[in-house]
Structures are given as C-alpha cells and as structure tokens.
Amino acid sequence: MRGAIMPDSSNIIAAALAALPHASGRVAPPRVAADGTASVILDVSGLDAVARATLEADVRRVLGAVEGISAVRVVQTAQKPERRLIAIGSGKGGVGKSTLAANLAIALKRLGFRTGLVDADIYGPSQPRLMQATGERPTAEGKTLNPVETRWGVPMLSMGQLVAPDKALAWRGPMVSGALGQLIDAAWGETDTLIVDLPPGTGDIQLSMIQKHRPAGAVIVSTPQDLALIDAARAIDLFNTAGIPIIGLVENMAGYVCPHCGEVSDPFGRGGAEAEAARLGIPFLGRVPLDIAIRRASDAGEPPAARDDAAAEPFLAIAERVAAALNRTAG
Ligand code: ADP
C-alpha cells in the first residue's frame, strides 16, 4: 500500500487548501487514487491567465506536500460567463463609428458596466490609437488571446494587433471569420459587455458576427447627410433581417461649433439621422457635434468620454440610452 492515503487525509487536504484564500470556493474535494494521485477540479471562472496559473501552481504545491499524495492532476473548468456583445456598425467609413465605439465603451464603463472593446474593423483598425495602446501586443495561451489592458480601464483587442493592415486587406471569408472568433472568444475574464467596432458596410465580418456570435444588439452610426443615411439604412436592414435588435441610431458630426466665433453651423445638415430613425421605427440615441476637439483628443488617444467636463456629455447621454435598452432586454 505504498503511497496509500491516511484515513484522516481529507482533513489534512482541507486544511492545506484552506491556507490558500484565493482557492476558497474554487476547489472541489480532491479524489485520491490508490497510487497516491490526487485529482483536482479547479473552477477558474472569471480569472485572468496569471491568476489561473498562480492558483493552479499553489494548489499543486500544497497538495504535493501532503503525505501520501504522490502526484497531483489538475483540471481547470470555467463557466462561460454571460457576456453580451454590442455591434457598432455604419453604412460607410469615416462617419465616426470607431470614435463612437471607443467612447461608448468608456462611457458604459463609467456607468458601471464591465466593458471590453473588440476592434474588428479590418480595413482601418484604429482602436489602439484611440485607446492609447499603439504597439501593445496581446499575449496568448495556445489559441486564446489575453486582451490588452488600457489606461481607461477597458481591455481591448484589435485586428491591428493580429496582422498588419495591408495584409488584412487581402483576407477572405474564413480567415476573417476565424480572426473575429479569436478576438471575441479571448480571455475576457469578468468583462460583461463587449463593444465590437465592425468595419463599415455589410460584408464578411458582419455576417460572421451575426451568424456565429449573435450580438445582443446593434448601434448604427451615421452623419446627417442623406447619402450616409441611405447606407446606414442598409446596415440596419441587415441586422433587422437577421433578428438582431437595433439598439438605435447615433448622429455624429452634427452641428459644427466654430472654434473662433462660436457660431454653430451644420456642414452635413442636422437632424437627418433622427428623422431617419423615426422613419425606420428605431430609437434615436443622440447626437455628437462635429468638434475639432474630438478629433484632436481622439488622435492623441485621449477619449473625450473619459473626461470630467462637457466633452464627455454626448457620449454619456448615448451610453445611458444604450444601458436602458440593455437593461430592458436583460429584464
Ligand atoms: P469610422 O470608424 O466611421 O471610419 P472614425 O471614428 O475613424 O470613423 O472617424 C473618422 C475621423 O473623423 C477621425 O479622424 C475622427 O477623429 C474624426 N471624427 C469622428 N467623429 C468626430 C466628431 N464628432 N468631431 C470631429 N471629428 C470627428
């Protein structure tokens, strides 16, 4: 009976594990085979890669020191967290979809959501710049990526971190869909709400997003002009047809405040998106003015939504409406 476990071993094992506060509630009583091999199931739900590895190493260490245990076998399990995806789309490029996605992620975080940001805009991944995380590369465990932490408290992953943009342009359906899956099924830990910045239009990424990842809802960004709105209506139609709820439409670049004289003008018109939302029967979420300060702050990686002044207000107001819509679906 070499290596046989002593009769009171379960108490010894329990005492050994009790010395690890971070293991509390995560380790079921181990099973010890006749040959002294202890099998442990570790619940690592919500832990990041470092915390998971530390927990496993600590459990191995304390159990390995128990007399009669000759080997420790660990299986990690994790409940798939309830995580909802919000797709941010637009009919065409350059309307401020990425700017809205970054600022909405931060504004929702300020409202108490645990948000993360996925930059799936394969044609112009701009989130690393907007979130001041240029040059940071995610680490990976096997195929699972670990999102990059940002200074705004919103973890992020970007297509731009996986591949150089000029290479990504040549990607076709399955590769694009695989890359999107890698970003969305990454080690998001406690993140409960993932904001996904889609490329403009209605291409492969949108289809993959709709079919494989079923977002809880979509926010569509448009400028007030008719042409942009026609494209936006197409994007809305795609989500509608697939049964993805449209959370609403955001009007960006409405109302230009002249930095010199303060006069408000409307280079792209004003109110077009609100009227279009009414026509399509979808909620209007708010408007963001065309403001050179927004462009400058975005280029500098200082999202206005993180500020404590009026610059954050349009984004916080939009986030409040998005939050209300999410709470309605959750309830
Ligand atoms: P998209 O993701 O739709 O292509 P971006 O978010 O990259 O658009 O925005 C395009 C450009 O417009 C960027 O230079 C951005 O800083 C600028 N921009 C976006 N929204 C505004 C705004 N409300 N006021 C001023 N500049 C803006």
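Scanning region 322-331 turns up no residue that is surrounded by 13 or more Cβ atoms within 10 Å (Cβ to Cβ), closer than 29 Å to Q211 by Cα and within 16 Å of the ligand (Cβ to nearest atom). Strands (runs of 3 or more DSSP E) fully within region 5-107 that include at least 3 residues being within 16 Å of the ligand (Cβ to nearest atom): 84-90. Taken over region 277-291, residues that are more than 16 Å from the ligand (Cβ to nearest atom) and over 23 Å from L326 (Cβ atoms) amount to 1. When G112 is tested against the conditions (1) buried (at least 19 other Cβ atoms within 10 Å of the Cβ); (2) among the small types (G, A, S); (3) more than 16 Å from the ligand (Cβ to nearest atom), the lone failure is (1).
One line per residue, one yes/no per condition, for (1) at pLDDT below 95; (2) under 15 Å from V154 (Cβ atoms); (3) basic (K, R):
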site: A38; (1), (2), (3): yes, no, no
site: I41; (1), (2), (3): yes, no, no
site: L47; (1), (2), (3): yes, no, no
site: D58; (1), (2), (3): no, no, no
site: L108; (1), (2), (3): no, yes, no
site: V118; (1), (2), (3): no, yes, no
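All of G153, G181 fail the test of being of a type in the set (G, A, S), free of Cβ contacts under 8 Å to residues at least 40 places away in the same chain and in contact with a Lys or Arg (Cβ under 7 Å, 6 or more places away or on another chain), apart from G181.
The values are calculated or read from the model by the stated rules, or taken from the named source; none is laboratory data. Everything numeric in this text was worked out from a predicted model, so none of it was measured. Cβ atoms come from the backbone with ideal geometry, glycine included; neighbour counts cover every protein chain shown.
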